[in-house]
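The values are calculated or read from the model by the stated rules, or taken from the named source; none is laboratory data. Keep in mind that this is a model prediction, so the values were computed, not measured. Cβ: placed from backbone, ideal geometry, glycine included. Neighbour counts: every protein chain shown.
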Amino acid sequence: MGKPKVGIFGLTGCGGCQLEVLNLEDQLLDFINAVDIVHFTEAISEHSDTYEVALIEGSVSTMHDVERLEHIGKVAKIIIAVGACACTGGLNCLKNIYGTEKAKVLVYGDKKDWIDAIDTKPISDYVKVDYYARGCPPTRSEIVDIVRSLIVGKTPEISSYPVCVECKRLGNTCLYEFGISCMGPVARAGCNARCPSVKSGCEACRGSIDDPNINAQKDLLEQYGLTVEDIMEGFNLYNACVKLEQKSK
Amino acid sequence: MATNLNIEVSPLPRVEGHGDLVLDVKNKKIEKLQMRIPESPRFFEAMLVGRKYTEPSHITSRICGICSVAHTFSSIQATEDALGVKVTDQTLKLRKLINHHECTQSNCLHVYFLAAPDFLGVGSVVPLIKTHPDVVNIAVNMKKIANEIVRIIGGRAVHPITTVVGGFTKIPTEEDLLRAKDMLISLYPDLETSLKVLKTLKIPEFERETEYISISNNEDYALYSGDIKSTDGWTIKPQDYLTKLVENVVQHSTGKHCRASRDSYMVGSLARINNNFSQLSDNAKTYWQEFGLSVPCYNTFMNNIAQFVEIVHCVDDSIKLIDKLLEEGLDESKSMVEVKAKAGRGVGAVEAPRGLLIHDYTYDSDGRISKANLIIPTNMNYANIENDLAALVPAIIEQSEDEIRLACEMLIRAYDPCISCSTHMLNVELINK
């Protein structure tokens, strides 16, 4: 699509995904040259309301987010959800479990009515999302790959296999052998198993694969004396907004 | 000359998000001056309730992508304090090493990418790629090295993985540390070049004495741990922070406002240097003096320089830490200590790049959080920013509107409120009344 005009936007989140774009370092200057960044709140002062591609970070957690996202949805031709918050609602959804109204009272007390907060949702609840760069944060190369594919007119490849495949490929010892529980059997790969590779259990920050083999995960849990409840609690960290029926599908 | 002003900087964000500056001047008198913070509240205090002690550091890391390491450590310290966990000396050194490089990475990003364009009269770092390629390359390289060291030890540059309650899931190899040391040594010529360039910048003369608060300890220039110290003459244990630091909700801000001995205080690099200057590395002290500065320094704009000087300190001190770790030899068996759930309260206090950061957790006997309180550095600074602006505006009221607007933005940016905060500030709507 030539040199596309790109807008990089942040809704409710930590800014870490936008930071990963700035962290491209060696590739950063090439990235800036390959696309025409017309809006990048974290790094650039000038901004324009004309763009073809929108990279959106963060979840929808306020009415203000809804208004901004709907506007971006009208302007952009292609929307890329960047990071767990945009893709699944991410960690912000833990607030929904606690209860949004209750959370307002807990944090802001009798001043709660000054606060604009709604139940957290992924951006796909409001706009059509064309591509997903999953993870918390996504890998830098993945963000670049998606944008690069768009420029050369290819469909970006997204991993549809579980993290276990990557661990096997890397020759990692299974974390269950160390007594560490891990979402690897059902979690979507693409991160090169970066948490299990440093002996930290996968928390499925990239969500689950499309057709997870829940039974394999259950067998594994049984084998190591764990329950589905144990693991679902961990799965909630980044996927609390994913509906339960979807989770157990 | 501006007799009447109605400046609205919007949007401008909070710790990581959106906010506005509202300045209303009539007949040279400030009618209204507010940093409005309508940014989405995140409700981490609610999200943490019920979570197991292994999770809060991963959850709270997501408060801020730019200072995820500081949140991780403040969280881990709070949990370890509550559960009575004492980690090994090796773990402490490795944690300090990561923390130093988040500080370097973040300070570097602010000084070179966000603040420098102001002083060079441009709107972002992009034009500097052409006009000042040497400095941009230095900045990119320095940030890359700092991120790489966080990655080597933490498993990832943003939201570290290996850092957990009790120690590390995996420690680096001696080769990793030697590689890190080589990278650090390679930075010295860049620091020299940066010093020369930064010395040419015209930093506004503006002084307003305030209360400066940071952590402090007897062993080192405190970034990872220490008691909470104020230039107003008190020092308290982190666990007693509520006896001095007061937070209150204000209508124009989802970020709470804070005060201690007076109606506002400042945290961050300048506060740390004012409190702990004598513990900086000799090299860093010399750099500070090269700018003709001494302590205490009451010019908020010098926070930019304080950040740069801290980079010098972090490089020096990291090499020292690596040498000690290598001398003692890395020991896998010292990477973790046993952690058991128990009821209790714990407080963690670290210096995030932007200043003092406090996590306060209460655990039940199953090791699940029943109550959490977090105090974020940018929140601590809001009230002080407003007080600074209230002092700055009358002093420059004879200047043009554009100059006043830019000076206000630069003052706010000097606090490095957060990467997105500062850059949002560049978009200003100014309406004449």
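A few remarks follow.
- For B:D134, the conditions (1) more than 8 Å from chain A (Cβ to nearest Cβ); (2) within 17 Å of B:H110 (Cβ to Cβ); (3) not hydroxyl-bearing (S, T, Y) all hold with the exception of (2).
- The stretch A:214-234 residues that are over 17 Å from A:P162 (Cβ atoms), paired with ones that are assigned to a loop (DSSP other than H, G, I, E, B) (beta carbon under 7 Å, 6 or more apart): A:L226/A:S181; A:D230/A:S181
- Among the residues of the stretch B:198-209, those identified as part of a loop (DSSP other than H, G, I, E, B) and either basic (K, R) or touching a Ser or Thr at 6+ places or on another chain (Cβ under 6 Å) (or both) are B:K202, B:R208.
- Subset of the stretch B:154-165 that is at the interface with chain A (Cβ under 10 Å from one of its Cβ atoms) and more than 17 Å from A:Q18 (Cα to Cα) - its residue that is surrounded by the most Cβ atoms within 10 Å (Cβ to Cβ): B:G154
- Of residues in the stretch B:84-110 being among the charged types (D, E, K, R) and in a helix (DSSP H, G or I), the one farthest from the other protein chains (Cβ to nearest Cβ): B:D89
- Residues of the stretch B:260-274 that are buried (at least 24 other Cβ atoms within 10 Å of the Cβ) and among the polar types (S, T, N, Q): B:S269 alone.
- Failed item, numbered, when B:V267 is tested on (1) hydrophobic (A, V, I, L, M, F, W, C); (2) touching a strand residue (DSSP E or B) at 6+ places or on another chain (Cβ under 6 Å); (3) over 30 Å from B:H58 (Cβ atoms): (3)
- No other residue among A:A193, A:A189, A:A103 is under 27 Å from A:E233 (Cα atoms), of a type in the set (G, A, S) and not assigned by TED's automatic domain parsing to the domain that holds A:G234 apart from A:A103.
- Where helices (runs of 4 or more DSSP H) fall wholly inside the stretch A:22-99, the ranges with 3 or more residues that are touching a helix residue (DSSP H, G or I) at 6+ places or on another chain (Cβ under 6 Å) and either away from chain B (no Cβ under 11 Å) or in contact (Cβ under 8 Å) with a residue 12 or more places away in the chain (or both) are A:84-88.
- With respect to being at negative phi and modelled with pLDDT of 85 or more, A:V242 falls outside the description.
- Test: B:T210 is of a type in the set (S, T, N, Q), in contact (Cβ under 8 Å) with a residue 60 or more places away in the chain and either in contact with a strand residue (DSSP E or B) (Cβ under 6 Å, 6 or more places away or on another chain) or not assigned by TED's automatic domain parsing to the domain that holds B:L293 (or both): yes
- Residue within the stretch A:2-17 that is surrounded by fewer than 23 Cβ atoms within 10 Å (Cβ to Cβ) and without any contact (Cβ under 8 Å) to a residue 60 or more places away in the chain present: yes
- Residue list for the stretch A:177-187, restricted to those being out of contact with any helix residue (DSSP H, G or I) (no Cβ under 8 Å at 6 or more places or on another chain) and under 16 Å from A:D219 (Cα atoms): A:E177, A:G179, A:I180
- Within the stretch B:142-197, the set of residues being free of Cβ contacts under 8 Å to residues at least 40 places away in the same chain and in a loop (DSSP other than H, G, I, E, B) comprises B:G155, B:R156, B:I161, B:T162.
- No other residue among A:C164, A:C195, A:C202, A:C174 is within 14 Å of chain B (Cβ to nearest Cβ) and either touching a helix residue (DSSP H, G or I) at 6+ places or on another chain (Cβ under 8 Å) or over 30 Å from A:I8 (Cα atoms) (or both) apart from A:C202.
- B:R259 at negative phi, assigned by TED's automatic domain parsing to the domain that holds B:N107 and either modelled with pLDDT under 95 or polar (S, T, N, Q) (or both): yes
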